[in-house]
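Undergrad: Quick one: the structure is below, questions incoming.
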Amino acid sequence: ALNAIADGIERRAEDLAQVETCDNGALLRSHRRGVMPRAAHNFRFFADWLGRLDAGDLEISGHREQVSWAPSGVTAVITPWNAPLMLATWRIAPALAAGNTVVAKPPEWAPLTASLLADITAEAGLPDGVFNVVQGTGTEAGAPLAAHPDLARVCFTGSVATGRLVAAAAGAQLTPVSLELGGKSPLLVFADADLDLAVRHAVGQYDNAGQVCLAGTRLLVDERIAGEFTARFLDAAAALRQGDPRDEDTDMGPNITRQHLERVDGFVRRAVAAGARPLLGGTVNADLGGLYYRPTLLADAKPGSEILTEEVFGPVLTLQTFSGEDEAVALANSTRYGLAATMFTGDHDRAERVSARLVAGTVWVNCFFVRDLRAPFGGAGLSGIGREGGTWSFDFYGDVKNTVYAPEGWRSDG
């Protein structure tokens, strides 16, 4: 059934891509090339992983201990609007693979592909009631779902404020939760880094108009190369094309709603008023209407200020410099988030030393946004609770059981 769902996503990939782009404004080319293929892969991966799910037998004093996973029950999957289908399938696929039924609550700002996924699961032969979609706002649908006493698991991706509400509602029933709550990730560039590579990835943090939880929005650059890095960055960022996300030549689309764009602009205005200096952007792109914010880079923000510590979730990066590894690590760890970190260096020993000291669920070295589904994913601090991926997913979506067999004493009833 999981493989048939993947087949259905692949057959309807173009429709799903078109609908998602119109729904949330993300680039059509990204949906075609990466997002929809990954959504299908999520189902295939967990279908295959079922055959590998083996903790191995344990032995103690001649007794054999066998670990197994049983379905936990009804799973609620509450998803965000920035990548609605892919982020949903990251969790729907393993929940179904574990043998659970799923109630998905998609984001009210981008709800359409969840309903299309329900059609695909029905066409794939999934029995009625195994996968369900409940549309509505957080207040009308999300809150009562998270608080429902018959749930076995609740997983949520979104803001810290809403995550606290979900955790409190689930906690009243002692329902286990998996929370991915965003980040304020650092992107560190050491003096021995490949600058072309570092700049390319740094400018890439404007992807999806900055509406990416994993984005390395805090650029931390060795002071010895800060001038050259900044000059190259500004040249590359100036070449980004904002426009209709359905156009193959567009690099940055709109923000999701006027309300969200005003939130992003509020962060920038407050930062500038507090002394931050715009090196790039800093305003709404009025030439394109009311939903486009110019790619922005702010320097000279005061340590501990809002723009350096709170998630903006828009195309806004900050620039800070450091003089050595200790200062770099201190700056990187100076927020309450810990979802990811990205580092560029030509020194393997430094990469290992620094990555070991960074507070982050995922650290990328000389790369970005690479994730094997066998690996754990999740965050520290305000970035969330729990890990998913590979066997970690089954540990959450299933009930793990240990059965102990005595070495002797069997009898035959035959």
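The values are calculated or read from the model by the stated rules, or taken from the named source; none is laboratory data. All values derive from a computational prediction rather than experimental measurement. Neighbour counts run over all protein chains shown; Cβ positions are idealised from the backbone, glycine included. Accessible surface is based on the protein model in full, side chains and every heavy atom, while ligands, DNA and RNA are left aside. Shrake-Rupley method; radii C 1.70, N 1.55, O 1.52, S 1.80 Å.
Undergrad: Taking square-rooted eigenvalues a ≥ b ≥ c of the alpha carbon gyration tensor, is segment 60-177 rounded, prolate or oblate, where a/c under 1.5 means rounded and, failing that, a/b exceeding b/c means prolate?
TA: It comes out oblate by the Cα gyration axes.
Undergrad: Separate question: In degrees from 0 to 90, rounded to the nearest 10, what is the angle of the helix 84-97 Cα long axis to the longest principal axis of the chain?
TA: Here the helix axis deviates by roughly 20 degrees.
Undergrad: While we're here: Could you tell me how many cubic angstrom of Cα convex hull volume the chain has per residue?
TA: Taking the convex hull of the Cα positions in the chain, it is 164 Å³ per residue.
Undergrad: Given a 1.4 Å probe and every protein chain left where it sits, what share in percent of the accessible area of segment 248-406 is carbon and sulfur?
TA: 51 percent
Undergrad: List every residue whose amide H lies under 5 Å from the amide H of G361, counting only residues 5 or more places away in sequence or on a different chain, with H placed 1.01 Å from N in the peptide plane.
TA: Residues meeting the amide H criterion: L339, A340, A380.
Undergrad: Could you provide, to the nearest whole Å², the per residue accessible area of segment 186-256 with probe 1.4 Å?
TA: 36 Å²
Undergrad: Next question. Taking the Cα atoms of segment 1-99, report the difference between the largest and smallest coordinate on each principal axis, in whole Å and largest first.
TA: Extents along the principal axes: 62, 23, 19 Å.
Undergrad: Just check segment 209-323 against the gyration tensor rule for me: Cα atoms, a ≥ b ≥ c as the square roots of the eigenvalues, rounded for a/c under 1.5, and otherwise prolate or oblate depending on whether a/b exceeds b/c.
TA: The shape class here is oblate.
Undergrad: Counting each DSSP H run of 4 or more residues in the chain as -39500 (n - 2.57), what helix-only mean residue ellipticity at 222 nm follows after dividing by all residues, to the nearest 500 deg cm²/dmol?
TA: Computed ellipticity for the chain at 222 nm equals -10500 deg cm²/dmol.
Undergrad: Hey, another quick one. From the residues V102, A299, A122, which one has its Cα farthest along the dipole of the chain in the positive direction, the dipole being from +1 and -1 charges on Cβ of Lys/Arg and Asp/Glu about the Cα centre?
TA: Selected residue: A299.
Undergrad: Shifting gears a bit: Calculate the translational D of segment 296-407 in whole µm² s⁻¹ from Stokes-Einstein, where the hydrodynamic radius comes from the Kirkwood formula applied to all Cα pairs, the temperature is 20 °C and the viscosity 1.002 mPa s.
TA: 130 µm²/s
Undergrad: Now for a different question. For R371, put the label point 7 Å out on the Cα→Cβ axis and report which residues of segment 147-166 keep their amide N under 20 Å from it.
TA: Once the point is set 7 Å along Cα→Cβ of R371, 154-164 turn out to lie under 20 Å by backbone N, inside segment 147-166.
Undergrad: Taking θ = phi - 60°, what integer Hz values does the Karplus form 6.51 cos²θ - 1.76 cosθ + 1.60 yield along segment 191-199, in sequence order, with x for Gly and Pro?
TA: In residue order, the calculated couplings are 5, 8, 6, 6, 5, 4, 5, 5, 5 Hz.
Undergrad: Note down the magnitude of the dipole of segment 11-163 about its Cα centre, charges +1 on Lys and Arg C-beta and -1 on Asp and Glu C-beta and zero elsewhere, to the nearest 20 debye.
TA: For segment 11-163, the charge dipole is close to 460 debye.
Undergrad: So, for segment 32-150, what is the accessible surface per residue at a probe of 1.4 Å, expressed in square angstrom?
TA: About 43 Å² of surface per residue is accessible.
Undergrad: Sticking to Cα atoms, compute the Rg of segment 269-338 to one decimal and its Dmax as the biggest Cα-Cα distance, whole number, in Å.
TA: My reading of the Cα-based Rg and Dmax gives 13.5, 44 Å.
Undergrad: Something else now. Distance from the Cα centre of segment 121-181 to that of segment 262-284, in angstrom?
TA: Segment 121-181 and segment 262-284 have Cα centres spaced 35 Å from each other.
Undergrad: Sticking with this structure for a sec: Convex hull over the alpha-carbon atoms of segment 187-247: what's its volume per residue in Å³?
TA: Considering the Cα atoms of segment 187-247, their hull volume per residue is 81 Å³.
Undergrad: Only bridges whose two residues both fall in the chain count here: according to DSSP, what percent of them are antiparallel, nearest 5?
TA: Of those bridges, close to 35 percent are antiparallel.
Undergrad: Separate question: I need the semi-axes of the equivalent ellipsoid of segment 115-242: take the C-alpha gyration tensor, multiply each eigenvalue by 5, square-root it, list largest first in whole angstrom.
TA: Working through the eigenvalues yields semi-axes of 42, 19, 12 Å.
Undergrad: How high is the relative contact order of segment 1-73, given as a whole-number percent (alpha carbon pairs under 8 Å, six or more residues apart)?
TA: 29 percent
Undergrad: Using a cut-off of 20 Å between alpha-carbon atoms, which lysines can reach K302, once sequence neighbours fewer than 8 places away in the same chain are excluded?
TA: Output for K302: K184.
Undergrad: Note the angle between two axes, namely the Cα long axis of helix 160-171 and the longest principal axis of the Cα atoms of the chain, as a number of degrees from 0 to 90, rounded to the nearest 10.
TA: With rounding to tens, the tilt is 20 degrees.
Undergrad: For segment 230-273, count all C-alpha to C-alpha pairs, find those more than 17 Å apart, and express that count as a whole percent of the total.
TA: Distances greater than 17 Å cover 56 percent of the Cα pairs.
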